[in-house]
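Presented below is the structure to which this report refers.
The values are calculated or read from the model by the stated rules, or taken from the named source; none is laboratory data. Because the structure is predicted, anything quoted here is derived from the model rather than measured. For neighbour counting, all protein chains shown are included, and Cβ atoms are generated from backbone atoms with ideal geometry for every residue, glycine included. Surface areas here come from the heavy atoms of the whole protein model, side chains and all, with no ligands, DNA or RNA. Shrake-Rupley method; radii C 1.70, N 1.55, O 1.52, S 1.80 Å.
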Amino acid sequence: MKKNLGDKIFKGIALFSSLFVILLVFFLFVELLIYSFPSIKKFGIYFFIDKIWDPVTERYGALPAIYGTIVTSILALLIAFPLSIGIAIFISELAPPALKRPLSFIIELLGAIPSLIYGMWGLFSLAPLVQLKIGPFLQRILGFLPFFQGYPLGVGYLTAGIVLSVMIIPTISSLSREILMAVPIDQREAGYALGMTKWEVIWKIVLGNARSGIFAAGILGLGRALGEAVAVTMVIGNFPNISVSLFSPGVTITSVIINEFAEAAGQLKISVLMELALVLFLITFLIMGLARYYILKRIEGR
Amino acid sequence: MKKAILVILLLLMVFNIYGAVLINGAGATFPYPLYSRWFYDFEKEMGIKVNYQPIGSGAGIEQIKAGTVDFGASDSPILPSDQNKFNLIMVPTVAGGIAIVYNLPGIGKGLKLSRSVLVDIFLGKIKLWNDPRITSLNPNFKIPPMPIVVVRRSDGSGTTDIFTQFLSAISPEWKNKVGSGTSVNWPVGVGGRGNMGVAGYIKNTVGSIGYLEVAYALQNNLSYALIQNKEGAFVAPEIKNIKSALERVKVPSDFYIYPVDAPGKESYPIVGYTFILIRRDLKDKEKREALFKLMSWIYEKGDKMAEELYYIPLPKNIKDLALKRLEILK
């Protein structure tokens, strides 16, 4: 096959673009690694198992931050995932056509709101609500569980998880909606022709077909929750702490970096923060990678 | 013709930049509202432009050490050994008090807190508002039985530095267990980011207590406590009480001092200075002169503006000492 010059140039540009992204990720990783070297050398493995964060004596442990990041993100996913799928099903299958467009638009708008605004909403509206209403309510009905022990302060894992869930609903729901809509009409009609009810068609045919795609949407949402910084910092409570109770304040990797970076003086402190960034990088990479792997395996196994 | 005009415009721009002296500064956020007003008026009066970026004390110190700005600003003093090592002069510009603020339903300002009670609240030893140690100090208030929620800064901050210096000064236990610094390992409590973050938490959380720059406490209408000073008197963070404290603390010529826990019956015990840092080896002669002009202008004409914005002007003896330090710029 003969190729003309335009094709070659285009191919070159496309190749360069994709290589550029790979190189960017690679250099980001290398740079973080270089900067975090003093911290890695000083703390070694203790960085990951030490609970103390004491700037006065320069003892830094990342465990509370890693724990907080994972707890708030998973909590957010637990809240947002079912809701988002509900939204997606409603828009793609059930809503009258006149409602479809405005509803999708509003949800996409929700995704465009800056995270600072979610943080302010969390701090000024949600936190008092959690302290005075939601917290005591959960305690009354589920107080026997270790997750709901102690005095609700208003800020903490629970509030951060709720704020994060609202922030990732647009990502998950709009992606899921696209995926549901991509399920061929023929298949639905075949289901109805066999005498299936609407519920059966949605559950077995539409969701059955779109399952792996919806999981992928959830993972993307989780990725956003892991990396969210500003809003979480405002509502997490910023207390380096590991607690099973969702009412207690905690820290996340991003909140520690945001809080400490501006005033970080000295090589060690900056290096410690860089290592935290590296840890977040690796956690995100790992979760995304694992999720991808399982989803791919699932699709191929079917 | 058009080209000629363009060339003239360009020349004008170039000369405009090089004609006027420009001073670049960066650092502390706490004095920023005041600095921006000071620098604006200073430019109007003296024709010298000051460009200030509130990027945080730590970053300000790093930048002046590296020599990328003409002055750095910091809320906490830097060690004399560091001043020498990096060839820096450090002088205070203005002072401020730190209020202990709280949110208790039905209780306004004026709750009395003794020194040991304050320390034990922040150590997490006193957990309830109706603890007998608090109620016995305040027989006039009907204090509700409520858990105490300690609120403090989550970001590194000069305010935290001054407050923890005070706690270390009055309690050996605090000094050993926690210590002092721009950020510390707090035994209890939740952290808000920035003064606004702390003010927001306190406003929204019943039963909370925290520390804030007086200006932020007043602007947010928060109730503040009367704190027991060295002489045993309970004092409010008012201008005259903060001034009394500043006047009674002897200041060394390198200004490395935390004027906390000052003697004097009227003195409010939690106060601090905010500083600017200038390189002794600054090469540019024009900039040296401009910086000297700026500082003497601030000391001479800045007091009124400072008080309007709830900052505390420096006592005269400290201004004189600072000017003497700055002579070498001339």
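Values for this structure:
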quantity: Considering only the protein assembly as shown, percent of DSSP beta bridges that pair antiparallel, nearest 5; calculated: 60 percent
quantity: Charge dipole magnitude, Cβ of K and R +1, D and E -1 - segment B:198-269, Cα centre, debye nearest 20; calculated: 100 debye
quantity: Cβ charges +1 (Lys, Arg) and -1 (Asp, Glu), total dipole of segment A:62-301, debye; calculated: 400 debye
quantity: Estimated distance in nm for a label pair at residue A:190 and residue B:40, the labels positioned 7 Å out from Cα along Cα-to-Cβ; calculated: 7.1 nm
quantity: Using a Förster distance of 30 Å, the FRET efficiency for residue A:42-residue B:175 (Cβ separation, nearest 0.05); calculated: 0.75
quantity: Residue with peak Gaussian network fluctuation, chain A [Cα springs, cutoff 10 Å], from A:172, A:236, A:202; calculated: A:202
quantity: Interchain or long-range residues, amide H under 5 Å from residue B:52's placed H; calculated: B:25
quantity: For chain A, the Rg and Dmax computed from alpha carbons only, in angstrom; calculated: 22.9, 75
quantity: Mean shadow area of segment A:105-154 over all directions, Cα convex hull, nm²; calculated: 4.5 nm²
quantity: Estimated D of segment B:165-231 in µm² per second, where Rh is the Kirkwood radius over Cα pairs and Stokes-Einstein applies at 4 °C, 1.567 mPa s; calculated: 96 µm²/s
quantity: Karplus-derived 3J(HN,Hα), 6.51/-1.76/1.60, for each residue of segment A:276-287, Hz, glycine and proline x; calculated: 4, 4, 4, 4, 4, 3, 5, 4, 4, 4, 5, 5
quantity: Relative contact order of segment B:71-203, defined on C-alpha pairs under 8 angstrom at six or more residues apart (%); calculated: 25 percent
quantity: Dipole of the protein assembly as shown [Lys/Arg +1, Asp/Glu -1 at C-beta], most positive-end residue of A:102, B:165, A:63; calculated: A:102
quantity: Convex hull of Cα atoms in chain B, direction-averaged projection (nm²); calculated: 19.0 nm²
quantity: DSSP-assigned coil residues among trypsin sites (Lys or Arg not before Pro) in segment B:224-263, each with at most 11 further Cβ atoms within 10 Å; calculated: B:250
quantity: Kirkwood-based shape ratio for segment B:72-186, expressed as Rg/Rh from alpha carbons; calculated: 1.06
quantity: Heavy-atom accessible area ranking, 1.4 Å probe, most first, across A:132, B:326, B:321; calculated: A:132, B:321, B:326
quantity: Stretchable slack from residue B:256 to residue B:238, in nm (0.36 nm times residue separation minus alpha-carbon distance); calculated: 4.1 nm
quantity: Segment A:192-279: equivalent-ellipsoid semi-axes (sqrt of 5 x gyration tensor eigenvalues, Cα, Å); calculated: 44, 15, 9
quantity: Value in Å of the Kirkwood radius, where the protein assembly as shown supplies the Cα pairs that are averaged; calculated: 27.9 Å
